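To start, the structure under review is shown below, and the notes come after it.
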Amino acid sequence: MSSRSYRHPLARALALLALVLPLAWAAHAYRLKSGIDELSHHAAQRLALLSASLDAQLLRFESLPSVLAQHPLLPALLADPQDPVLLGRANALLEQVNDRAGAGMLYLIAADGNTLAASNWRRPDSFVGENYAFRPYFRDALAGRAGRFFAVGATTRVPGFFFAHPVQGPQGVIGVLAVKVELTQLEQTWSDSGEAVMVVDRHGVIALTSNAAWKFGTLAPLNDVSQRELQATRQYYTAGLRPLPLEWRDDQRARLGGPEYVVGSRALDWLDWRMLMLQDTRPVHAAAWQAVAGVCLVLSALLAAGLYWRQRVRRLRERLAAQAELERTVAERTADLAASNQQLLREISERTVAEQKLRGAQRALIEANRLAALGQMAAGVAHEINQPLAAMRSFAGNALTFLERGRLDALRDNLQQIIGLVERMARLTSQLKVFASRQQASGGTAPAAQAMEVVAGWFRERLAKAGVRLVVDDAGLQFPLQPQALEQVLSNLVGNALDALAGRADGLIELRTRVAGGRLCLEVADNGPGIAAEVRDRILQPFFSTKPLGQGLGLGLSIVGDLVEAAGGRLEVLDRPGGGALMRASWPLAPEARQSTEETAA
């Protein structure tokens, strides 16, 4: 073999290499630059979102000290810090407001820096008694300005952001009200998202971060001025403040402990903080090398095209054979699908017939239920009305005899008995009338206080006679029922509770209104035997009663349930804590009504 036969393959390989290397280098450089730009753009977008989230987390508590500082209890305590009554009320006020606002801590500081009252006054690490005169936020607020400061807590060792506002007295500022906002949950959210985020103060100290190893590190060694200022304010208390191993490669990229990052930066609008996001460049480098691999792959594909052309005929023959096999398989599958379709049609027909039979059985069952309810109603009405009619007939005969004999007192007594029986029949027929027209009672609003007073008057004699105590706890709420409907609901529920307490020496009925779980609640509870679980599903049905025949038609709870449901609410049968039954009628609270209720409660 001649040397020329060796030179030709070598020359072709060198020519191919000369073509591949520049293309691969250009692809690598382009993909790397575009990837870096994409990371920078993504970091800018994420920083805008995260900084807005941080601003919202902090600023929602900024106005809390300024609003609460107007409360007259705080200046009164600052004027007389030794008064135990004022101190107890102030601690309770700060604790209640802090629980509702969801902040970290609320505390009141006297002009000498000593904390008089705090929301965490019950805890072992309470702020009460601590002196914070060295904190910049205290000095700013004492000077009449709004104080802002981030620091590690001198008492709890938990970092947080502090807002402070002066408390004014007759002669000027007499104290400071401060709120601490803890951002631990926000940092945990950043950490869970998998993003590398840090917030750096004006000294270059990392105040917040998603990586616990970076916490309270510095981007560069601190100068003497920053060290003196941080020591004076004890901003980071005992933190080491060691510089991180950060090495900048250019204005976009830096190395931190080995990996290279694209660093995005955004200044916060109202603080001297910067938020940084570090995007790992390893995926970008990998994508750049993938681009190189892609170029090489394309060139390899071009080289393989020649070999492919030589085998094209053989491939075509194989493809034709495969197509024939596919057509045969499709024909077989088509036959199978046709058979399956016929089977499915038969099953659909059978299911249709079964569904028609089921609907017929359901209609028959509904009709049977209606007839059963009609029978119960007829039996109850007949029994309830026949007794008063028989008694009225007897009393009327006696009345004639007394009239003939001139016994007017006995005659008056008989007539009064007849009047009572007529009223009893009227109440029975009124229940049936309400049951028949209960859907017409929806609409309107009524205050619970007035209805409670009316119903309590109705049952006053029965309660006294039975020795049952009625406790009313009204929150001053309005319910979406007409006054008569609300009285009907209360009357039925209280009457049932009173019946359940028959023969009990320590009977108690609790009638209360409240807001719970975003709903208006009207509750009637008793300490009786309660309601058995097996009858709870049926107790709201018409004409169902646990009382003996002749002591009710079983319409009371059905009427109550329909009145409540017609007004958009629901009636629940529950167990009373401590024993007994609890009947709760509740309605969803409208957003504007919810806000008004919360403001009233506050």
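Compute the Cα gyration tensor for the stretch 207-360, then decide on rounded, prolate or oblate, letting a ≥ b ≥ c be the square roots of its eigenvalues: rounded whenever a/c is under 1.5, prolate when a/b is larger than b/c in the other cases, and oblate in all that remain. Let's see the in-between values first.
On the way: a/c = 6.37, a/b = 1.82, b/c = 3.51.
It comes out oblate by the Cα gyration axes.
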Under 5 Å, built H, 5+ apart or other chain: amide partners of ALA151: GLY160, PHE162
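Answer rounded, prolate or oblate for the stretch 115-176, using the Cα gyration tensor with square roots of eigenvalues a ≥ b ≥ c: rounded when a/c is under 1.5, else prolate when a/b is larger than b/c, else oblate.
Details: a/c = 2.54, a/b = 1.43, b/c = 1.78.
Oblate.
If we sort 492-501, 137-146 on the protection proxy, mean other Cβ atoms within 10 Å, highest first, what's the order?
Peptide ranking by packing, descending: 492-501, 137-146.
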Sort 49-57, 110-118 by the packing proxy (mean of other Cβ within 10 Å over each peptide's residues), most packed first. 110-118, 49-57
So what are the ³J(HN,Hα) numbers for the stretch 112-126, from phi and the Karplus equation (6.51, -1.76, 1.60; θ = phi - 60°), rounded to whole Hz, Gly and Pro as x? 8, x, 7, 7, 8, 9, 7, 5, 9, 5, 7, 7, x, 9, 4
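Report in % the part of the accessible area of the stretch 266-344 that belongs to carbon and sulfur, leaving out ligands and nucleic acids; probe 1.4 Å.
Values: 3650 of 5990 Å².
Carbon and sulfur together cover 61 percent of it.
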At a 10 angstrom cut-off on C-beta neighbours, averaged per residue, how do the peptides 409-416, 194-201, 505-512 rank from highest to lowest? 194-201, 505-512, 409-416
Roughly how much of THR189 is accessible, in Å² to the nearest 10, using a 1.4 Å probe? 70
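The values are calculated or read from the model by the stated rules, or taken from the named source; none is laboratory data. As the structure is a prediction and not an experimental result, all values here were calculated from the model. No Cβ is skipped: glycine too gets one built from the backbone with ideal geometry, and neighbour counts run over all protein chains shown. Calculation scope for accessible area: heavy atoms of the full protein, side chains included, ligands and nucleic acids excluded. Shrake-Rupley method; radii C 1.70, N 1.55, O 1.52, S 1.80 Å.
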